[in-house]
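Data block below; observations after.
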Amino acid sequence: MDLPLQNTKLGLKLPTDPRWVNLAEMDLAEILTDHAYCEQKAATACISLIQGYPERIEMVENLAPIVTEEWGHFRMVLSELKKRNLSLGRQRKDEYVNKLMEFQRKGQGKDEALLEKLLTCALIEARSCERFRLLSLYCADEELRGWYHKFMVAEAEHYRLFLDLAEQYFGKERAWNRWQEYLRYEAEIMQNLPRRGDRMH
């Protein structure tokens, strides 16, 4: 059964209401702060995968430049905050990511855990890509629209890389089936989380 992940789109089961952008624009310091920490955590997640699976040579080689890129994104957000005379706030609890991690299958071995981690990372990148797309289309600030478009493109590339790695290491059908389970679960998370404009997820 040939189900090439690289040919799929984001596949999110519950699209974000575009009106979320209006909420996000109400306090740029808050959404930019959350964005900054999301970039920081993305870099940390890649570092953790490299540290945990150094024997996965191709994964290490692919994730190493992403660590640099994500940290560069963090610095870009800091620069944008400074340009707008805004300050980086404190990091907040990420309910979205915590709930995704609760869905990860536990106690089935290190290799099994890798599949769960790759798919979790892919889903976070996919939802971030979707949110950046909305900001790039509907943000009232024209300069920010172009700025967010760059992040959208990067997140799309990262999302596909994580899915491609899952397919490579665990097979197309197995990775696809588990990915569909993650997508359905993520839709439930999005349905139940309060809609707020100070969070990227």
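The values are calculated or read from the model by the stated rules, or taken from the named source; none is laboratory data. Everything quoted here is computed from the prediction, not taken from an experiment. Don't worry about glycine lacking a Cβ; one is built from the backbone with ideal geometry, like all the others, and counts go over all protein chains shown.
General observations
- Contact map, segment 1-24: first residue under 25 Å from Leu144 (Cβ atoms) and at pLDDT below 90, second residue of a type in the set (Gly, Ala, Ser) and surrounded by 13 or more Cβ atoms within 10 Å (Cβ to Cβ), Cβ cut-off under 9 Å, separation 6 or more or different chains; pairs are Leu10/Ala126; Leu10/Ala156.
- The residue of segment 143-192 that is surrounded by the most Cβ atoms within 10 Å (Cβ to Cβ), among those that are aliphatic (A, V, I, L, M) and more than 24 Å from His73 (Cα to Cα), is Ala166.
- So Glu55, is it outside any loop (DSSP other than H, G, I, E, B) and among the acidic types (Asp, Glu): no
- Unique match (being over 25 Å from Pro18 (Cα atoms) and basic (Lys, Arg)) among Arg84, Arg75, Arg92: Arg75
- Condition check for Leu86: assigned to a helix (DSSP H, G or I) and in contact with a helix residue (DSSP H, G or I) (Cβ under 7 Å, 6 or more places away or on another chain): no
- In segment 63-95, the residues that are within 19 Å of Arg127 (Cβ to Cβ) and at pLDDT 95 or above: Ile66, Glu69, Glu70, His73, Phe74, Val77
- The set of residues in segment 49-69 being closer than 30 Å to Ser87 by Cβ and touching a residue at least 60 places away in the same chain (Cβ under 8 Å) consists of Ile66, Glu69.
- Pick from segment 105-137, criterion surrounded by fewer than 16 Cβ atoms within 10 Å (Cβ to Cβ) and more than 17 Å from Leu183 (Cα to Cα), ranking: modelled with the highest pLDDT: Leu137
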